[in-house]
Amino acid sequence: MVQIDLTEAEKEILKNYFKTSPISIIRLKSQALIMRDHGVKLEEIASFVFRDVRSIERWINDFSQRRLASIFTGKKDNQNAAKLTREQKEAIKKVLFQKPSAYGLPKEFWDIPQLKKYVYARFGVFYESERSYHFLLEFGNLSFKVPDKFNVKRNEQKIAIRMEQIYEEILPFMEDPSWEVFCSDETRMQLEAITRRAWIKKGEKTVIKVERTDDYQNYLGFLNQKTFQCHVFEIAWGRLTEIIRATGELLKLYPNKKICIIWDNATCHKGILMRQALAKGGLLERVHLVTLTPYAPDHNPIEHIWNTVKDTLSNNQDTNFELTKQKFMQLANNQFFPYQI
């Protein structure tokens, strides 16, 4: 059975591609490689990324030969980056096939701005269009993503300070085998088609009609920061008693472990009932809570899971809400997502 061993730099790069790449095949390949590095079986990987086992084997074999360059697809012999000679392109190709390291390819090379700096510094060539760099990296089939909303109350400096405090607080737990560390948050599913992409005719207003019902289900999720396994529980929205109950269900999955949970400062995460549950002899006495900074949901890795799963279910309305719930749990619960705080 094919196995791979990712370097720390490769893991970081693949996680970044999985989170941010606008190209679905790159996200899927990155996810498959990370899952395989964690020892997940090929059949499970294939089922999760909706590919056959043979494709997963091909991706992994290709990666073992070409490393990070293997995750890019496109027009193999495209010559749009014509300012570079064929020999220069071959030289860059050799660099792409190496592992990122101080002796070969620095990890920042895989960002377009850093690629621009590298090509200019090495060959004195600069392209006005980023499309040329995409061809050079064999991207192809480009798409665009909608920018994230920005909250005017967000303070980047305070966020950075708080995140450093969190890293320092959870580091001992990450290194201690008697502890498990989770990032947690709630989400909601409703019986309504979620349209996230549409071809819009120029000059005309586009109206999307949906049938909204009162059928919905709320969930509380926990993403293990050591194994990247996600656990999802159905809850009643906004009820502290439900949050405590679902967290208690999580503890049953880890009976001999202490649990660190990182989540936001929502009302349903605090209060006298929570303090009682956390006290000695309480249901959650094995739990240590860490609070994220306000207005920074993008720093909670489980938010990316909700986006990934909902994106998979988008543009499709089921006639039976139970079917929607079943699909959601199949895609999220007990699955592996390489998102780290």
Among residues belonging to the stretch 271-286 that are open to solvent by 20 Å² or more (accessible area, probe 1.4 Å) and touching a residue at least 12 places away in the same chain (Cβ under 8 Å), point out the one that is farthest from the chain's Cα centre (by Cα).
-> LEU273
How many of the residues making up the stretch 292-317 are open to solvent by 50 Å² or more (accessible area, probe 1.4 Å) and outside any helix (DSSP H, G or I)?
-> 5
Count of the stretch 38-65 residues which are over 16 Å from the mean Cα position of the chain (by Cα) and part of a helix (DSSP H, G or I) | 18
Within the stretch 151-183, restricting attention to residues that are in a helix (DSSP H, G or I) and polar (S, T, N, Q), which residue is farthest from LEU223 (Cα to Cα)?
-> GLN157
Residue list for the stretch 15-26, restricted to those being surrounded by fewer than 19 Cβ atoms within 10 Å (Cβ to Cβ) and either under 17 Å from SER55 (Cβ atoms) or among the β-branched types (Val, Ile, Thr) (or both) = THR20, SER24, ILE25
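The values are calculated or read from the model by the stated rules, or taken from the named source; none is laboratory data. If you're wondering where the values come from, they're calculated on a predicted model, not measured in any experiment. Cβ: placed from backbone, ideal geometry, glycine included. Neighbour counts: every protein chain shown. Areas reflect the complete protein model, heavy atoms only, side chains present, ligands, DNA and RNA absent. Shrake-Rupley method; radii C 1.70, N 1.55, O 1.52, S 1.80 Å.
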